[in-house]
Each structure stands twice: as structure tokens, then as C-alpha cells.
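Only one structure is covered here, and it is reproduced in the block below.
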Amino acid sequence: MAGIRVTKVDWQRSRNGAAHHTQEYPCPELVVRRGQSFSLTLELSRAPDCEETFIFMVETGPRASEALHTKAVFQTSELELGEGWTAAKEAQMENTLTVSLASPPNAVIGRYLLSIRLSSHRKHSNRRLGEFVLLFNPWCAEDDVFLASEEERQEYVLNDSGIIFRGVEKHIRAQGWNYGQFEEDILNICLSILDRSPGHQNNPATDVSCRHDPIYVTRVISAMVNSNNDRGVVQGQWQGKYDGGTSPLHWRGSVAILQKWLKGRYKPVKYGQCWVFAGVMCTVLRCLGIATRVVSNFNSAHDTDQNLSVDKYVDSFGRTLEDLTEDSMWNFHVWNESWFARQDLGPSYNGWQVLDATPQEESEGVFQCGPASVTAIREGDVHLAHDGPFVFAEVNADYITWLWHEDESRERVYSNTKKIGRCISTKAVGSDSRVDITDLYKYPEGSRKERQVYSKAVKRLFSVKASGRRTWIRRAGGRCLWHDDLLEPTTKPSITGKFKLLEPPMLGHDLRLALCLANLTSRVQQVRVNLSGATILYTRKPVAEILHESHAVRLGRQEEKRIPITISYSKYKEDLTEDKKILLAAMCLVTKGEKLLVEKDITLEDFITIKRAHPGASGEGLSPV
């Protein structure tokens, strides 16, 4: 009898695509998810007999091996048995055989080559059947990325468009973003991002073997979406100058960026800022099968020295001293959350994990951030992997202002220390409304529990030895520093102040507002008010000064007064960036030495805001003029 061989393969793309929720991928090869069976039909040169065996082999990556779990050899049986790859006969009709192949729920993801070896009567026939792509599977209960809610899977895995929130705490804007994970070439590009990583370039076989783990894969992607260290996808630019590239404000989706990166032979695409990095990362992770969403944090801390406080140094007019101030508070910052189990930390920390592709600080020598468990952040467990202290500070650092004197001494100024981490927002499931998820990250601001968690985080991060009103802090790395009254609030001053807009701040118009001061005591107070204003980037970095004036104010007992302020359009128009933001500051110096700093961020508008009601939701719709 002649040896048997495979003459044709039917990958059953339609049936498998529907079963695996992968029918939207336009790839020529089959795309399936791990931990779930898929079918293919083999057309044979003749009908097989009972003594003939069908042995399958799958391989992924270079130098594939069974030891690294990047290769598997298995033969057909009547049932799907075992913890590894399996093959089971589904149906047989004359010279056609339908088989069901299944991967384990912890299989390496990526592009596989499938081969078959047919053995009969001492004759062997080998054939490469073709390639297929294996993805993470949020529908599989045994997969680390399993997400129980079908509505959330539809939103966080399959939805190819979304909303990114930007602006300032008091005026949050919604911007549409096209994730486009099912567009032409996007899946191939996402797999290429993994292959272009330094880990893959240095040791490709080991790198591929680690791609079973969402912790590993997401951390690699967080490094590769920015171009620092590794010629990744997007080059950041925060100076307001975008020569030779595209302004971050002009991107409306990830597809054009990823396709440009591919067509440019992996040259970083110019330019991105935080929401661009987050939008691209959301595309890549949804494409690979990990439930992912974009999260915006308003008044987001950038704590460079990891002391869990943002220390801002100002002069007597409230202007930030850039040479002294290493920390910063951005008007907003955007990152990602992905949903998966933390086998390294334990089940208490499963669920949403923070990932941040914006290159802010190095982690293990690379500009990458996360995954950091959102639960760990809320509970102050900043010692757990990865990058807990940085993420904790972003949402819960204390904001401390220091007045820097000419003799190089510093004095703490009363300001709102609780302004960090406001209105943490993401798009609602199934609608474009904004959902506030601040309570996932921290307990109510200023509550006893929130202060306990903050103290716990400090103690986790440092060994703390109190000495009077000063606290001696020893870092984990060994370097020591002083930090005054780390956990103690400054006594409130005897006056309060607040900036109030007198009319909407419209681009092209003069800016009219007032500083409202109130005397909280029953005695007369003399106050020197030093006002300053500057155009700024959304990172609050000043660009140019547009206001500098001083007023002597007499406040009677329990009296309130307004200081009118006008900034003409001609004064700010030349120095306004595309962010259209202005920062005003008032340093209020009271006779008895008390000092109060009042600040206000203003975003100039060139469109009309239309509020529309969504039943049970809080959201805003924005319509350009």
C-alpha cells in the first residue's frame, strides 16, 4: 500500500474565528486563542487505516525546544487529554480527517509553525501545514488574563475605539481615539514590537519562552512603546516644538503611528506625549488578547526622588524655581491598566495592573513602568513588583511647597497638600461616559484610613526614625536625607485665598479674573500679595511669564476682598503653547510671617462645551466650533 500524505489543509477560519473571537483580524493566517481548541480538516491522498498515526508538531521562535515550551510534539487520540498540546479526531469521511487541536492555557503566545508527520507501515511522510497566531485568551478561565464579564471583554479586548480624558481637574475633556487593533498589519506590527525588544535581540530563544506570562509581555511592551533605550515606537517631546514630526495633539489614533513605525523600518515616530503612549499601548495589548483600558489621573505627581512627596520650590512671587524643583505635578497624566493574575504576588493582587509607557523614570535601567497592582497601590504595599513607589506617588503623594530664600534657607508654605490624584478617570463599559475610579487607587483623601496607608507606604519604602519634629529617612539604596514633617500637615493660616474667573477663558480674548481673599480672624490683617502668571505645558513646566505685579491689601475683621486681574490677549498670545494652558500664582505674605500660596490652572477654550445627560452616568460631550 502506498504511503499516506496530506494534500490539502482547510484551516476553517470562519468557524475558528467565531469561536475564538478573532474573526476581525484580517491576517492571511489563522488567529486563535490559547487554552481553547480549534479545528482543521486534512485532505489525504487516501483513506487512512487504523494502524497509521498522525503526529503534530508546533514551534514558535528561533531554536524552538520542548525544554523552553516553545515546541511541542503530540499525536491524535480519541479524547483531548493532558496538560500540554493535544490533538483529537473529530470526524473522518473517506480521505478527509477533521482534527481538534488545543493549546494549554499557559502556552507561549506568538506566531507558530504547524507540521505533521504521518507514519504507516514503516513509511513516513512529513509536511509543513502552515503558520497560525496564538493569542492570550480572556475567555478561558484557566488563562491568567481571564476576565469573567462578557461586557468587559467586549469593551476592553474587542472594542477598537475609545475615549481618552485630558484637561484639568475642573474641566475634563474627552477625546476620541481609534485603537484599530484589527486594522491591516497591526497584529504583525504588535508581534514585531516584541521581536524588536532588547531582550529578544540579546537572547531570542529565552525571550520567546517568557511570552506565556502577561507580566513579562506587558512590561516589555511598556518599554517598547517609547523610543528611549530601544528604538521603540514613539519618540516623546514635551518642549512645545515639533519640527520634523507630528504634534502629539494632532494624532487621533494608533494605527497611523504603528504603520509609520513599520514603514520607516522601525524608526521612532515623532512625536508623542502621555495620552499617545497610552493609546498605542492599549492597541498593542488588546491586539495580543489582554484586556486593557486607558486611565487618566488629574494632578498627577512625578516624584523623581521617591520620597512620596512632591516638593516644589518657589520664589516670593510663587514662581517655580526650576533649578531646585526636581519633582513636578502634571495637570493630567495618562497610563494603562491591564487585567491579569499576579502569580508572583498572590491572588489578593489579581485584577487591574498599572502600566505606563511614558518615559518618565528608569526602572531596572530601562524606561518602563509596571505592572503595578492597583490593589497594592490602594493598600500602600509599595514594596511589591513593579514600580509601586512611583505609581503610588502619582496618585497619593503629598504636595509640599517651599519658599526659597536668598540665603538658601527654605520655609514651608501653606498650600493644599491633598491636590494629587484627582478624578482618576476611564471610559465607561458600553458608552462614552466618564467613570471615576479614584476609589480603586486610594481611600477617601484625608481620611484616617488614607493617612494610615500613606504612613504604611512611607515605612515600607524607608526605615523611619523620628527625632523631634524632623524625620530621618534612610532609603533602601542606603543614601540618607532629611525631610521635615513628612506626615504632619502645616498649620492653616489666618487667611484664605482663591482665584475666581469672572468670565469664561476664551482663546483670543483678554483673561479676566479675581483673587478673592478672606480674613478668618477678628483682627485687622495686612497682606502683601505677589502675583505671577505664566504660559505652561500640560506638565506645568513654565514657558513664559505673562503676569508680575504686587499689591498691598488691608483686610478688616472677617472681611473678604477681591483683587481684579486682567491679562490681555496681546500679553499671552505669542507664548501660548498648543496646550493652551496658563498657571497663575499668588504668594500672600501676612504681617505675622504667615505665608499662603494660591494657584490656579486655566485652559483657554476655542470650542463650545455641550453637556448632555446620560442616565446614571457623569460625562461631557465636546463639540468644536
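The values are calculated or read from the model by the stated rules, or taken from the named source; none is laboratory data. Just so it is clear, the structure is predicted and the values come from calculations on it, not from any experiment. A quick note on method: Cβ atoms are made from the backbone with ideal geometry, for glycine too, and the neighbour counts reach across all protein chains shown. In case anyone asks, the SASA skips ligands and DNA or RNA and just uses the protein heavy atoms, side chains included. Shrake-Rupley method; radii C 1.70, N 1.55, O 1.52, S 1.80 Å.
Going through the stretch 133-150 one residue at a time, which ones are within 25 Å of A205 (Cα to Cα), open to solvent by less than 10 Å² (accessible area, probe 1.4 Å) and in a loop (DSSP other than H, G, I, E, B)? Passing the criteria: F136, N137, D143, V145. Per the conditions (1) small (G, A, S); (2) in contact with a Gly (Cβ under 9 Å, 6 or more places away or on another chain); (3) over 22 Å from W11 (Cβ atoms), the sole criterion not satisfied by A148 is (2).
Would a scan of the stretch 220-227 turn up a residue that is of a type outside the set (A, V, I, L, M), in a loop (DSSP other than H, G, I, E, B) and either open to solvent by less than 20 Å² (accessible area, probe 1.4 Å) or at pLDDT below 95 (or both)? There is no residue in the stretch 220-227 that is of a type outside the set (A, V, I, L, M), in a loop (DSSP other than H, G, I, E, B) and either open to solvent by less than 20 Å² (accessible area, probe 1.4 Å) or at pLDDT below 95 (or both). Exactly one residue out of I193, I164 is in a strand (DSSP E or B), hydrophobic (A, V, I, L, M, F, W, C), modelled with pLDDT of 95 or more and closer than 15 Å to R286 by Cβ: that is I164. If the condition is being open to solvent by 10 Å² or more (accessible area, probe 1.4 Å) and either in a helix (DSSP H, G or I) or among the charged types (D, E, K, R) (or both), then the stretch 259-277 contributes Q259, K260, L262, K263, R265, K267, K270.
Taking into account only those residues within the stretch 238-258 that are open to solvent by 40 Å² or more (accessible area, probe 1.4 Å) and under 23 Å from C369 (Cα atoms), which is modelled with the lowest pLDDT? My answer is Q239. State all residues of the stretch 8-48 that are within 12 Å of V133 (Cα to Cα), open to solvent by 50 Å² or more (accessible area, probe 1.4 Å) and hydroxyl-bearing (S, T, Y); if no residue qualifies, say none. Hits for the stretch 8-48: nothing passes. Just to be sure before I move on: is E406 closer than 30 Å to F499 by Cα, out of contact with any helix residue (DSSP H, G or I) (no Cβ under 9 Å at 6 or more places or on another chain), assigned to a loop (DSSP other than H, G, I, E, B) and free of Cβ contacts under 8 Å to residues at least 40 places away in the same chain in the structure I sent? Judged against the criteria, E406 is a match. With respect to the stated conditions, T566 fails to be assigned to a loop (DSSP other than H, G, I, E, B) and out of contact with any helix residue (DSSP H, G or I) (no Cβ under 9 Å at 6 or more places or on another chain). What are the residues in the stretch 535-553 that are surrounded by 14 or more Cβ atoms within 10 Å (Cβ to Cβ), in contact (Cβ under 8 Å) with a residue 24 or more places away in the chain and over 24 Å from G167 (Cβ atoms), if any? Selection gives V553 alone.
Scanning for something surrounded by 14 or more Cβ atoms within 10 Å (Cβ to Cβ), of a type in the set (S, T, N, Q) and under 26 Å from I420 (Cα atoms), does the stretch 520-534 turn up at least one residue? Taking every residue of the stretch 520-534 in turn, at least one turns out to be surrounded by 14 or more Cβ atoms within 10 Å (Cβ to Cβ), of a type in the set (S, T, N, Q) and under 26 Å from I420 (Cα atoms).
Evaluate the following for G130: is it more than 25 Å from I4 (Cα to Cα) and open to solvent by less than 70 Å² (accessible area, probe 1.4 Å)? No.
Taken over the stretch 240-258, residues that are without any contact (Cβ under 8 Å) to a residue 24 or more places away in the chain and either among the aliphatic types (A, V, I, L, M) or assigned to a loop (DSSP other than H, G, I, E, B) (or both) amount to 3. Does the stretch 80-90 contain at least one residue that is β-branched (V, I, T) and either within 23 Å of I4 (Cβ to Cβ) or open to solvent by 70 Å² or more (accessible area, probe 1.4 Å) (or both)? Yes; the residues of the stretch 80-90 include at least one that is β-branched (V, I, T) and either within 23 Å of I4 (Cβ to Cβ) or open to solvent by 70 Å² or more (accessible area, probe 1.4 Å) (or both). As a summary of the residue check, A174 satisfies the conditions (1) open to solvent by 40 Å² or more (accessible area, probe 1.4 Å); (2) small (G, A, S); (3) not in a loop (DSSP other than H, G, I, E, B) except for the one numbered (1). Of all residues in the stretch 444-455, none satisfies being under 26 Å from I163 (Cα atoms), in contact (Cβ under 8 Å) with a residue 60 or more places away in the chain and hydroxyl-bearing (S, T, Y).
If you check E406 against the conditions, is it touching a Ser or Thr at 6+ places or on another chain (Cβ under 8 Å) and surrounded by fewer than 21 Cβ atoms within 10 Å (Cβ to Cβ)? So E406 fails the test.
Contact annotation: residue pairs with Cβ atoms under 7 Å, 6 or more positions apart or on different chains, pairing a residue in the stretch 415-436 that is within 17 Å of D160 (Cβ to Cβ) and β-branched (V, I, T) with a partner that is assigned to a loop (DSSP other than H, G, I, E, B) and at pLDDT 95 or above, are T426/I437. Restricting K419, K427 to residues that are within 32 Å of the chain's Cα centre (by Cα), modelled with pLDDT of 95 or more and surrounded by 17 or more Cβ atoms within 10 Å (Cβ to Cβ) narrows the list to K427. Among strands (runs of 3 or more DSSP E) entirely within the stretch 297-397, having at least 1 residues that are among the polar types (S, T, N, Q), modelled with pLDDT under 95 and open to solvent by 20 Å² or more (accessible area, probe 1.4 Å) singles out 328-340. Looking at the stretch 49-61 only, could you name the residues that are modelled with pLDDT under 90 and open to solvent by less than 40 Å² (accessible area, probe 1.4 Å)? Hit for the stretch 49-61 is E52, nothing else. Checked against the criterion of being of a type in the set (S, T, Y) and part of a strand (DSSP E or B), the stretch 536-548 has no qualifying residue.
Out of S222, S197, one residue alone is hydroxyl-bearing (S, T, Y) and either outside the structural domain of D387 (by the TED database) or touching a residue at least 40 places away in the same chain (Cβ under 8 Å) (or both). It is S222. Scanning the stretch 417-441 for residues that are in a loop (DSSP other than H, G, I, E, B) and either closer than 25 Å to V157 by Cβ or charged (D, E, K, R) (or both) yields K418, K419, A428, V429, G430, S431, D432, S433, I437.
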